[in-house]
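Each remark here refers to the structure printed beneath this line.
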Amino acid sequence: MKRLKKIVSLFAAAALLVLTPGAKQAQVSAAEPVTYSLKYVEANGEWRYQEGAWDDYQGHRELYYMKQALKDGDLVVIEGGSHGLTLDLPVNLGNLTFKQAYSAAVTVKSVDNVYVLRDSTASITGNVVNAHVYDNAIANFNNNVTNLYITKERDALQTIAVVGTVSYVKTGDAEKVYSELYNFQANSFRQEKGVLKTDASQFSILPSVVPPVLPADPNVPTTPVAPVDPTVPVAPVTPVVPVAPVAPVVPTTPSDSLYDDVPKTGAPVALPGLLAMGAGLCFGGAYLLKRKNA
């Protein structure tokens, strides 16, 4: 019985080791970006969504559930149709694509990449890193755009307005670049059916160049020295008188004669001789007194 329990315990431990990496992999997969495709469904009379590319033969759900699950980095694709859409998504999206959208206005915290495809009309509120506008699309950006790419596939008839600033604008097709412009001031970029309407004083044809920081010339003072006012008397500085060092006290070595006059505490005293002399005097005195009395 004990052996059977031991075998069961070993199998349970092995099962945990096998299942744990799978659980970690599931957690990583859950954090990956999710693509949400939105489309107006006539049968339901409202906009619905699916995860992944839209498939008319698959089920779909209300946008409420998408908003609950949406997170930073996710991708949103708005499919074409004849109905408008106003959407508020308080996240930082990875991609936002308008795919032949009739009229869609989307508000986000920010977007890495916006694609406004042919025959789409889009309004984006939130800062955009890369904005791509194709052919005859109409796009309105209500905040700043870092890079704006105006691309011709069939036509070059884009109509674009940017309320914020635009750092870089590139116009071209798959084979060549027509123009590159820089540093559009706030609320200045306007293009109507492919024609730029912004005044030349509000952007640059050259990128901004940051001048290099040169090393300081040691011969040129960086801070100017203020001149001395001759009318203001300068108080004389009292010199500090150095203190004469105290000479060390050198102990005096006593002479031999003085040393001999001082009794030595460590030298032996002739005490036995003195005691013998005193004893003799007492004995002699006692002997004399004895004879006298006799």
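Read-outs: derived from the displayed coordinates by stated rules, not from any lab. Please read these numbers as outputs of a predicted model, since none were measured by experiment. Because the Cβ atoms are built from the backbone with ideal geometry, glycine has one as well, and the counts that use them run over all protein chains shown.
Give Lys67/Lys99; Lys67/Lys170; Lys71/Lys170; Lys99/Lys152; Lys39/Lys109 a once-over and call out the pairs whose C-alpha atoms are over 24 Å from each other. Too far apart for the 24 Å limit: Lys67/Lys170; Lys71/Lys170.
Take the alpha-carbon centre of region 31-59, take the same for region 103-149, and report the distance between them in whole Å. Value for the Cα centre distance between the two parts: 21 Å.
For region 118-134, the Karplus equation 6.51 cos²θ - 1.76 cosθ + 1.60, evaluated at θ = phi - 60°, returns couplings of 3, 6, 10, 10, 9, 10, 10, 10, x, 5, 10, 7, 10, 10, 10, 10, 10 Hz by residue, with Gly and Pro reported as x. Here the simple spin-label model places points 7 Å from the Cα toward Cβ, and for His83 and Tyr102 these points are separated by 0.8 nm. Distant-in-sequence amide contacts of Thr198, defined by a placed amide H-H separation under 5 Å and a gap of 5 or more residues or a different chain, comprise Arg190.
Taken about its Cα centre, region 43-93 carries a charge dipole of about 120 debye when Lys and Arg each add +1 at the Cβ and Asp and Glu each add -1 at the Cβ.
Using packing as a proxy for protection, rank 183-190, 133-140 so that the peptide with the highest average count of other Cβ atoms within 10 Å comes first.
Working: 183-190: 17.2, 133-140: 21.2.
Order by mean packing, descending: 133-140, 183-190.
Computed from backbone phi, the HN-Hα couplings of region 167-172 come to 7, 8, 10, 10, 10, x Hz, rounded to whole numbers (Karplus: 6.51 cos²θ - 1.76 cosθ + 1.60, θ = phi - 60°; Gly and Pro given as x).
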